[in-house]
Amino acid sequence: MANFSDEASTGFTYLLHQEMDIVADFSVITDKCIKDLLCIDACPSGAIHPTPDEPRFSEVTQLYIDAEQCSNCGSCYVTCEVNAIFGAGELPEEFAEFAEINAEFFRC
């Protein structure tokens, strides 16, 4: 699995942004999430929660992205095998509510 946090992958990440036309400043996880942890491992900014070590992990049915921590690097998009992650500006209409659902998780 690629490590997007090292310097060698910086060019690839930039090209990924261009190819995917990511316009949002942060990413959003939808209820398609299966909590396989691949996105947590790939996220260089530590924006995805709860991690397995955090108390709320067993209580939630999906993971969430902290918009304030997310660098929108695209690492989570690439690793999500169920396509549960979108840029906030790229959310399909049927998942629009998940931008607020992700934000609400971090207000608690």
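The values are calculated or read from the model by the stated rules, or taken from the named source; none is laboratory data. Given the structure is predicted, the values throughout are model-derived calculations rather than measurements. Here the Cβ is made from the backbone with ideal geometry for all residues, glycine too, and neighbour counts use every protein chain on show.
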(Q) Can you list residue pairs whose Cβ atoms sit under 7 Å apart, with the first residue in segment 89-100 being under 18 Å from LEU63 (Cβ atoms) and the second being of a type outside the set (D, E, K, R) and part of a helix (DSSP H, G or I)? Count only pairs 6 or more apart in sequence or on different chains. (A) LEU91/PHE98; LEU91/ALA99; ALA99/ALA88
Q. Considering segment 49-107 alone, what residues qualify as being touching a strand residue (DSSP E or B) at 6+ places or on another chain (Cβ under 7 Å), at pLDDT 95 or above and closer than 15 Å to LEU37 by Cα?
A. HIS49, GLN62, LEU63, TYR64, ILE65, CYS76, ALA84, ILE85
Q: Check whether at least one residue in segment 67-77 is out of contact with any Pro (no Cβ under 9 Å at 6 or more places or on another chain) and assigned to a helix (DSSP H, G or I), and report yes or no.
A: yes
Q.
Could you go through segment 90-98 and let me know if any residue there is crowded, with 22+ Cβ neighbours inside 10 Å and within 15 Å of PHE26 (Cβ to Cβ).
A. yes
